[in-house]
Structure formats: C-alpha cells, structure tokens
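Asks: For reference, the structure I am asking about is given below.
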Amino acid sequence: MALLDNEKCVLPLSSIAELLNAKVRTLKMYEEKGLLPQKENSIKKLYSINDVKLIAFVHYLANIKKINANGIKYILEMIENNMDEKNRNEFLDIVETRLESVSSNEIQDFDSF
C-alpha cells in the first residue's frame, strides 16, 4: 500500500467547501482575494491535503476571528516568511486540532450575512 502524498493536488474547491461546511462562493472569494494557495497552468484548480489545512486556517481567521483579507494576507505572509516547511506544517496541524473543537454554531458563512 502506497503512503499518502499530502502534496498531490486532487481536491476541487467544491469538495473542500463540503469538508469545511462552507459555500463554494466563499472559498472562491478567498481565492479572488489571493488568500488561497496559487495554482498555475491548470484549467481546473485542484488542491492538496496540505492546501486544505491552510484553507481551513484562512476560513477560521475570516469567519471566527473576523479578520479582513488584508489582515489574513499579513498573517499568511508572516507564516510563509518566518517558518520553515516543517514548522509551518506542525503549526497547521495544531490549528487543525483546535479547529476540530470549534462548534458548527460558531462558524458562520459570509454568504449567510
């Protein structure tokens, strides 16, 4: 049995929206504002498991912490510029664990306002 490749891009935005209990339009809005990992030379944008962790973090910052796009860009830039890949992945794993404890009542989608 092969090990999972967390870097392989296999998930469309619609599947990620379902996983995060969000609307596709909300995730597309993040994408338009440059908050999601950039995918180049691809007709259909697919995301990896590692990308999903980052997208979940962006969704958390926007919906729970109510941080605007510029604030989220700054946070992501700080993480990208000041953490190596190992520490970044460990940080996103910690965030993922904490996100699991957030109740669905606390998560409100932008489209519901």
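The values are calculated or read from the model by the stated rules, or taken from the named source; none is laboratory data. Computed from a prediction, not measured in an experiment: that's the story for all the values here. Glycine gets a Cβ as well: all are built from the backbone with ideal geometry, and neighbour counts include every protein chain shown.
Asks: Which members of segment 1-60 meet the condition of being of a type in the set (Asp, Glu) and part of a helix (DSSP H, G or I)?
Replies: Passing the criteria: 18, 31, 32, 51.
Asks: So, one more: Filter segment 55-74 down to residues that are surrounded by fewer than 16 Cβ atoms within 10 Å (Cβ to Cβ) and of a type in the set (Val, Ile, Thr), then give me how many there are.
Replies: Number of matching residues: 1.
Asks: Return the total of residues in segment 6-31 being surrounded by 14 or more Cβ atoms within 10 Å (Cβ to Cβ), in contact (Cβ under 8 Å) with a residue 24 or more places away in the chain and of a type in the set (A, V, I, L, M).
Replies: So the count comes out to 7.
Asks: Another question about this same structure. Taking segment 63-74, which residues are assigned to a helix (DSSP H, G or I) and either touching a residue at least 40 places away in the same chain (Cβ under 8 Å) or under 15 Å from residue 37 (Cα atoms) (or both)?
Replies: Answer for segment 63-74, where residues must be assigned to a helix (DSSP H, G or I) and either touching a residue at least 40 places away in the same chain (Cβ under 8 Å) or under 15 Å from residue 37 (Cα atoms) (or both): 63, 69, 72, 73, 74.
Asks: Give segment 75-113 a look and list any residue that's surrounded by fewer than 10 Cβ atoms within 10 Å (Cβ to Cβ), modelled with pLDDT of 90 or more and either assigned to a loop (DSSP other than H, G, I, E, B) or touching a Phe, Trp or Tyr at 6+ places or on another chain (Cβ under 6 Å) (or both), or say none.
Replies: Passing the criteria: only 84.
Asks: Is it the case, given these coordinates, that residue 34 is touching a helix residue (DSSP H, G or I) at 6+ places or on another chain (Cβ under 8 Å), more than 16 Å from residue 95 (Cα to Cα) and without any contact (Cβ under 8 Å) to a residue 12 or more places away in the chain?
Replies: no
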